[in-house]
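Undergrad: What follows is a single structure, and I will ask about it in a moment.
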Amino acid sequence: MKNFTKSASLFERAKKVLPGGVSRNTLLRGDNPLYASRGKGCMVLDVDGIERIDFANNMASHIHGHAFKPIVEAVSEQMSRGMAFTMATEAELKFAEHMCGRSPSIDKIRFVNSGTEAVMAGMKASRAYTGRSKIAKVEGSYHGAYDYAEVSQAPTPENWGDINRPKAVPLAHGTPGGVVNDMVIIPFNDPEQAISILDEYKDQIACVLIDPIPHRIGMIPVKVEFVKALRGWTQNNGALLMFDEVITFRSEIGGMQARFDVKPDLTSMGKMIGGGFPVGALAGSHEVMEVFVNGSLPHSGTFSANPITMTAGRVAMELFDAQAVTRLNTLGNYARANIAEAIKLADVPACVTGTGSLFRIHLKDKVPRNYRESHSSSTGKRALAAFVDALYDDGIMMIHTAAAALSTPMGNGEIDRLSEAVLKSLSSIKGLVEEPK
Ligand code: PMP
């Protein structure tokens, strides 16, 4: 890794006042997290003066890249009139009207400030609606930092149990036993086993939660048979189906769910719908969303639907129209094809997954089918970190899992640069990658 003097000295100061020197563990890159100075479009300049193409986009949250002019202008205008009030604003109404027009599953929407909060609101809404306490989720899927959502987010071979009956594994030490007991864990993309597990808890499940392209599981899209089986089961058993589209809403104008012939009861969103500002949203049918106001789930938040986020989000989404979605998805196909070619040329056991404007590179010769197959040994993790570092050194910023989210300022030129860097970086870490057994 290159020497980053200014970032290193900022980190020295940060270690004295921030636990581990950071506010988000995902920014810890070895001994030397980098500090941003500024960003414009798809480029970010760090404090040491090094510029990189940004394929991380603040963990998939900037759909139009950095400092997008229409957002800067609209937000500046709103800021001059005030940031947040103990009153509703038209900004929230305009954004809600736009979002309700994007998908038939969105009758009503409630805005919050993060994806974590959106998923939490969805779990609580489904409990309030059904009067049941258990939530089912897929092994290894990431849904934010609510205690329940964290269960089986990162199980290991030592504790994950039988693949057909995955154990509910708490993430944090001290997680209450009741939390773990109220989570039912199902295997990804295996309708038969999933249904047989759900059947055991028939009358107790409030909601089945799925991410349609779960990035921690490997960024493999969910199979239509799996979605349909879960939709059928929830309908037949008085439970709700919730899609976590915090990352995947970018896939189609109405989210990844538009690709399936099913309508979820609830959808959590976040990241890119905030136009660069902290956001989350829970959307659903008129009937289910009534829980927020009929006394079964009182719900508020000081900064929920603040006009800054609402303005930025509306402008970002209005300009991420059908044409922009299609263009970015086509660019994603171009990226996956070029990366696959680079992998072939580098002759390293690796593969690329993803769909639409999202992709992830694995240092594995075969495409993983579930969390267990995408899980890496400590050697694999070290090789992946070295790969991501080599990309950074070559002017490319990726998410630490070697995942990427495209933004609208990008074109074929950025993808060509990325593919060259992938070839070079893979070749440079060849000796570290485990050969397939
Ligand atoms: N759900 C999914 C699918 C996510 O990817 C994330 C964040 N990576 C969250 C929920 C939590 O969102 P936030 O970080 O905004 O709390």
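Undergrad: Could you give the size of the charge dipole of the stretch 321-377 about its Cα centre, using +1 on the Cβ of each K and R and -1 on the Cβ of each D and E, expressed in debye and rounded to the nearest 20? Don't skip to the end; give the middle numbers.
TA: Details: 8 positive and 5 negative charges, 34 e Å.
For this selection, approximately 160 debye.
Undergrad: Taking a probe of 1.4 angstrom, what is the accessible area of T26 in Å², to the nearest 10?
TA: Probe radius 1.4 Å; accessible area of T26 about 50 Å².
Undergrad: First select every other residue whose beta carbon is under 10 angstrom from the beta carbon of V44; then total the charges, Lys and Arg +1, Asp and Glu -1. Each step should come with its number before you reach the end.
TA: Working: positive: R38, K40, R52; negative: D46, E51, D54.
Overall, the nearby charge balance is 0.
Undergrad: Something else about it: List every residue whose amide H lies under 5 Å from the amide H of H64, counting only residues 5 or more places away in sequence or on a different chain, with H placed 1.01 Å from N in the peptide plane.
TA: Under 5 Å from the amide H of H64 lie the amide H atoms of T408, each far enough along the sequence or on another chain.
Undergrad: Let me ask something additional. Enumerate by residue number the trypsin sites (Lys or Arg not before Pro) in the stretch 142-234 meeting two conditions: DSSP loop (anything except H, G, I, E, B), and at most 16 other Cβ atoms within 10 Å of the site's Cβ. It would help to have the intermediate numbers written out before the result.
TA: Details: sites: K167, K202, R216, K223, K228, R231; in loops: K167, K202, R216, K223.
Taking the stretch 142-234 and a limit of 16 other Cβ atoms within 10 Å, the loop trypsin sites (Lys or Arg not before Pro) found are K167, K202, K223.
Undergrad: Roll a 1.4 angstrom probe over the protein heavy atoms and tell me the percent of accessible area of the chain that is carbon or sulfur. Mind showing how you got there, number by number?
TA: Numbers: 10030 of 18780 Å².
After summing per-atom areas, the C and S share lands at 53 percent.
Undergrad: Could you work out which residue, out of D46, D162, D393, moves most in a Gaussian network model of the chain, that is, has the largest mean-square fluctuation with Cα springs under 10 Å?
TA: Top of the fluctuation ranking is D162.
Undergrad: Put +1 on the Cβ of every Lys and Arg and -1 on every Asp and Glu Cβ in the chain; which of I429, T355, A342 then has its Cα farthest towards the positive end of the dipole?
TA: I429
Undergrad: Out of the trypsin sites (Lys or Arg not before Pro) in the stretch 322-412, which ones are loop residues according to DSSP with at most 10 other C-beta atoms within 10 Å?
TA: Listed in order of number, the matching sites are K366.
Undergrad: Something else about it: Can you compute the charge dipole magnitude of the stretch 69-319 about its Cα centre, using +1 on each Lys and Arg Cβ and -1 on each Asp and Glu Cβ, nothing else charged? Give it in debye, rounded to the nearest 20. Can you show the working numbers first?
TA: On the way: 23 positive and 28 negative charges, 50 e Å.
Computed charge dipole of the stretch 69-319: roughly 240 debye.
Undergrad: I've got another one for you. Taking 29 Å as the cut-off for C-alpha to C-alpha distance, list the pairs among K344/K381; K108/K134; K228/K381; K6/K364 that go past it. Provide the component values of the computation, followed by the final result.
TA: Details: K344/K381 21 Å; K108/K134 24 Å; K228/K381 34 Å; K6/K364 35 Å.
Over 29 Å Cα-Cα: K228/K381; K6/K364.
Undergrad: Follow-up. Considering Cα pairs under 8 angstrom that are at least six residues apart, work out the relative contact order of the chain and quote it in whole percent.
TA: Working: 854 pairs, mean separation 89.5, N = 437.
So the answer I get is 20 percent.
Undergrad: Just how large is the dipole of the chain about the Cα centre, in debye to the nearest 20, putting +1 at every Lys and Arg Cβ and -1 at every Asp and Glu Cβ?
TA: Dipole about the Cα centre, nearest 20: 480 debye.
Undergrad: I would also like to ask the following. Can you bin the stretch 69-319 into rounded, prolate or oblate? Criterion: square roots of the alpha carbon gyration tensor eigenvalues sorted a ≥ b ≥ c, rounded for a/c under 1.5, prolate for a/b above b/c, oblate for the rest.
TA: prolate
Undergrad: Out of the stretch 103-187, which GluC sites (Glu not before Pro) are coil in DSSP terms and have no more than 11 other C-beta atoms within 10 Å?
TA: On the way: sites: E117, E139, E150, E158; in loops: E139, E158.
The qualifying sites are E158.
Undergrad: Go ahead and estimate [θ] at 222 nm for the chain from helices alone: -39,500 (n - 2.57) per DSSP H run with n ≥ 4, summed, over the residue count, rounded to 500. Walk me through the numbers before you get to the answer.
TA: Numbers: 15 runs with 166 residues, N = 437.
Counting only the DSSP helices, I get -11500 deg cm²/dmol.
Undergrad: Next question, about the same structure. In µm²/s, what is D for the chain at 37 °C and 0.692 mPa s, where D = kT/(6 pi eta Rh) by Stokes-Einstein and Rh is the Kirkwood radius from Cα pairs?
TA: Details: Rh = 22.5 Å.
D = 146 µm²/s.
Undergrad: Which of these, G161, G395, G313, has the largest mean-square fluctuation under a Gaussian network model of the chain (Cα springs below 10 Å)?
TA: G161
Undergrad: Along the charge dipole of the stretch 69-319, Cβ charges K/R +1 and D/E -1, which of V288, N306, T248 sits furthest on the positive end?
TA: Most positive-ward Cα: N306.
Undergrad: Another question, then. Find which of C42, V22, S61 sits farthest along the positive direction of the dipole of the stretch 1-152, computed with +1 on the beta-carbon of Lys and Arg, -1 on that of Asp and Glu, about the Cα centre.
TA: V22
Undergrad: Follow-up. Where only protein heavy atoms count, and the probe is 1.4 Å, what is the accessible area per residue for the stretch 69-319 in Å²?
TA: Working: 10040 Å² over 251 residues.
Each residue of the stretch 69-319 exposes 40 Å² on average to a 1.4 Å probe.
Undergrad: Determine the distance separating the Cα centre of the stretch 271-342 from the Cα centre of the stretch 207-225; give it in Å without decimals.
TA: Here the answer is 18 Å between Cα centres.
Undergrad: Distance cut-off 26 Å, Cα to Cα: go down the list K69/K424; K223/K366; K40/K223 and report the pairs above it. Walk me through the intermediate numbers first.
TA: Details: K69/K424 34 Å; K223/K366 18 Å; K40/K223 37 Å.
Over 26 Å Cα-Cα: K69/K424; K40/K223.
Undergrad: Still on this structure, I have one more. Using a 1.4 angstrom probe with every protein chain in place, what is the largest-first accessible-area order of I50, I339?
TA: Output order, biggest surface exposure first: I50, I339.
Undergrad: Report, by chain and number, residues whose modeled amide H sits under 5 Å from the one on A350, excluding near sequence neighbours (fewer than 5 apart, same chain).
TA: K364
The values are calculated or read from the model by the stated rules, or taken from the named source; none is laboratory data. As the structure is a prediction and not an experimental result, all values here were calculated from the model. When we count neighbours, we look across all protein chains shown, and the Cβ atoms used for this are built from the backbone with ideal geometry, even at glycine. All accessible areas refer to the heavy atoms of the entire protein, side chains included, with ligands and DNA or RNA removed. Shrake-Rupley method; radii C 1.70, N 1.55, O 1.52, S 1.80 Å.
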